[in-house]
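A quick write-up on the structure given underneath.
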Amino acid sequence: MQHANKKYIPFTPVKMTNREWPDKVITKAPVWCSVDLRDGNQALVTPMQLDEKLLLFKTLVDIGFKEIEVGFPSASDTEYEILRTLIEGNYIPDDVTVQVLVQARPELIKKTFEAVKGAKNVIIHFYNSTSTLQRKVVFKKDMDGIVDIAVEGARLIRQLTEEEVAKSGMNIRYEYSPESFTGTEIDFSIRICEEVMRELGATKENPVILNLPSTVEMSTPNTYADQIEYFCKHLHNREAAIVSIHPHNDRGTAVASAELAIMAGAERVEGTLFGNGERTGNLDLVTVALNMFTQGVDPELDFTNILEIKKVYEQCTKMHVHERQPYAGELAFTAFSGSHQDAIRKGFEYMETSETPYWEVPYLPINPADINREYEPVIRINSQSGKGGAAFVLEHACGYRLPKEMHPEFGAIVKAASDAYGDELKEDQIVELFNKEYLDFKGKYTLLQHRFTELRELDGTTETRFEGYINDSGAIKMIVGSGNGPIDSFFQAISSIGVTGYEFVNYHEHAISRGSDALGICYIELKVPGNGHIFGVGINSNINVAAIQGILCAINRAEAYHGQEQ
């Protein structure tokens, strides 16, 4: 890739010395307009069928869109029929306005008005290309010729509107787009929009929507924001216009462009679910709306059931939402990194004990539960995962709260399994590993039966006596021992058959069920001959028995691994 400066001309930004948008913040939602059924649909390899369009339209209504561009009815019979079906089938709620797109050409405008008959609320969205490149290459017209196209279209639209309103009382609003706004001289964009506003009779009470699309994204988001702010500041009769934006994603920054444009004065935003659209797509309205939500701003769109919305979208468009898509992607809330996993786990623990009403979990900008995502997939385990990730999965899958000292040992076991498997480990695989390594470990010693007896001496002290039978590699042996508690007495008893050299280090236990027969889990840490440490785990309704099981588990593992530290 050489000689870029000889092949491409850098974009010329708007000259501004007093820009105000960098000091602004987004404090309220814009007016949203979904263009999924028009702009999104025309970009599909296989355009949607009628039933798919109806399903997606209903989904958009359920999300809360009040303005929905449903098609280009003058472009084809299919587009015409979908609009007629929506109107004649009473699919359009009274508080929803359908928008239709049309080029500023007389014959297409007339057909569009035929298509909307019977609708209650309609936006007639007309456009013509204004960019320097298209004037030169496509239309071969000067600025005056391009203005004439827009004004003549506006004149006919106003005439047909007045006729239709007189007959049916339909509520008709106007939208004009200088197509390829970002590639048009900014002062010419203002001129043509002002001419259209005059022709349409725009007033503060009946404003015209002026839609300023980055039909092709040509520069950085801050440049688009400059264009929007300049336009808003220099447009005469500004109060008679609603400034709308329609960002595309050719440079991959449509979301940033939209957010900065809102800060620069845009009041209305057009886009699609998950950014579907021509070439690299339109603005992703899901991301922009949920970005606002995470900043404490009500987006006035409901993405609570984001996975169901994603399912409908994929069904209707035959497109796939990328695994890394913000908020909706399969991996959007997933951490493989060990340090990230540990921070997330600690964040969840903090939220459980803290009284703060605010969401404060590292690496998760939104509470997954707010959009009906689950916590369980947040931490995923592969060979790069840290020692705390597997412990987090066990806690949320089984309720096992492994002590921190045990995390490195089990983490190493999981890492080795992931390396051998060559892929990430699922939750059930991690649980199976834990069970195999601790709860179901088959070793040299098996406790068959036992009893504890508490003896009280004349001086008031107590002594615990352990009696039981143990299977030692197939040989049944009786063991007896006394000590200052169940654990000490068991150590004394098992030493009678030559099991020595183990030193009790630590003990953790907690309940894993409720009720009179609740189960408890006990984690035992032993120091083994050779100065290593090893863990064992036991589960029983009697916590003393769970502790004995944990000790035997640790000893069996140590014997099996020849006392090597895990």
Return a yes/no flag: does region 78-90 have any residue that is under 20 Å from V269 (Cβ atoms), among the aliphatic types (A, V, I, L, M) and modelled with pLDDT under 95.
no
Among the residues listed as V286, V196, the single one being in the same structural domain as K310 (by TED's automatic domain parsing), over 29 Å from the mean Cα position of the chain (by Cα) and either free of Cβ contacts under 8 Å to residues at least 60 places away in the same chain or on the phi < 0 side of the Ramachandran plot (or both):
V196
For region 219-252: of the residues being out of contact with any Asp or Glu (no Cβ under 7 Å at 6 or more places or on another chain) and over 24 Å from E194 (Cα atoms), which is modelled with the lowest pLDDT?
S219
Can you spot a residue in region 489-512 that is outside any helix (DSSP H, G or I), closer than 28 Å to G399 by Cα and without any contact (Cβ under 8 Å) to a residue 12 or more places away in the chain?
yes
Check region 467-475 and report whether any residue there is among the aromatic types (F, W, Y) and either under 24 Å from I521 (Cβ atoms) or in contact with an Asp or Glu (Cβ under 6 Å, 6 or more places away or on another chain) (or both).
no
Which numbered condition in (1) in a loop (DSSP other than H, G, I, E, B); (2) among the charged types (D, E, K, R); (3) free of Cβ contacts under 8 Å to residues at least 24 places away in the same chain is the only one that E217 fails?
(3)
Basic (K, R) and within 30 Å of E185 (Cα to Cα), is that true of K140?
yes
Check on F452, hydrophobic (A, V, I, L, M, F, W, C) and assigned to a helix (DSSP H, G or I):
no
Looking at the structure I just gave you, is L44 in a helix (DSSP H, G or I) and not aromatic (F, W, Y)?
no
Could you list all residues from region 429-441 that are surrounded by fewer than 18 Cβ atoms within 10 Å (Cβ to Cβ), among the charged types (D, E, K, R) and in contact (Cβ under 8 Å) with a residue 12 or more places away in the chain?
none
Please find, among E205, E162, the residue that is farther than 18 Å from T130 by Cβ, in a loop (DSSP other than H, G, I, E, B) and free of Cβ contacts under 8 Å to residues at least 60 places away in the same chain.
E205
Among (1) small (G, A, S); (2) buried (at least 16 other Cβ atoms within 10 Å of the Cβ); (3) in contact (Cβ under 8 Å) with a residue 60 or more places away in the chain, there is one condition G483 misses while meeting the rest; what is its number?
(3)
Only one of G347, G329 is within 30 Å of T27 (Cβ to Cβ), assigned to a helix (DSSP H, G or I) and not aliphatic (A, V, I, L, M); which?
G347
Of the criteria (1) surrounded by fewer than 15 Cβ atoms within 10 Å (Cβ to Cβ); (2) outside any loop (DSSP other than H, G, I, E, B); (3) basic (K, R), which one R173 fails
(1)
Looking at (1) in a loop (DSSP other than H, G, I, E, B); (2) buried (at least 24 other Cβ atoms within 10 Å of the Cβ), which one does A258 not meet, given that it meets all the others?
(1)
Within region 279-298, restricting attention to residues that are crowded, with 21+ Cβ neighbours inside 10 Å and assigned to a loop (DSSP other than H, G, I, E, B), which residue is modelled with the highest pLDDT?
L283
Does I146 count as under 23 Å from Y80 (Cα atoms), assigned by TED's automatic domain parsing to the domain that holds E88 and of a type in the set (A, V, I, L, M, F, W, C)?
no
What do you reckon, is A328 among the small types (G, A, S) and not assigned by TED's automatic domain parsing to the domain that holds H248?
yes
Would you confirm whether any residue within region 178-190 is farther than 22 Å from I9 by Cβ and within 33 Å of the chain's Cα centre (by Cα)?
no
Over region 442-463, the set of residues exposed (fewer than 15 other Cβ atoms within 10 Å of the Cβ), of a type in the set (D, E, K, R) and either under 52 Å from the mean Cα position of the chain (by Cα) or at pLDDT 85 or above (or both) is K442, R451, E454
Counted residues in region 352-393 being under 24 Å from A289 (Cβ atoms) and either in contact with a helix residue (DSSP H, G or I) (Cβ under 7 Å, 6 or more places away or on another chain) or at pLDDT 90 or above (or both) come to 20
Test of understanding: among Q315, Q341, which residue is farther than 20 Å from G40 by Cα, touching a helix residue (DSSP H, G or I) at 6+ places or on another chain (Cβ under 9 Å), touching a residue at least 24 places away in the same chain (Cβ under 8 Å) and not in a loop (DSSP other than H, G, I, E, B)?
Q341
Please go through region 312-330 and pick out each residue that is exposed (fewer than 15 other Cβ atoms within 10 Å of the Cβ) and under 13 Å from E52 (Cβ atoms).
E314, Q315, K318
Restrict the check to region 394-406 and report whether at least one residue is within 26 Å of A289 (Cβ to Cβ) and at pLDDT 90 or above.
no
Of all residues being hydrophobic (A, V, I, L, M, F, W, C) and assigned to a strand (DSSP E or B) in region 53-106, which is farthest from I306 (Cα to Cα)? Just the residue, please.
V102
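The values are calculated or read from the model by the stated rules, or taken from the named source; none is laboratory data. Every value quoted in this text rests on a predicted model; they were computed, and no experiment measured them. Because the Cβ atoms are built from the backbone with ideal geometry, glycine has one as well, and the counts that use them run over all protein chains shown.
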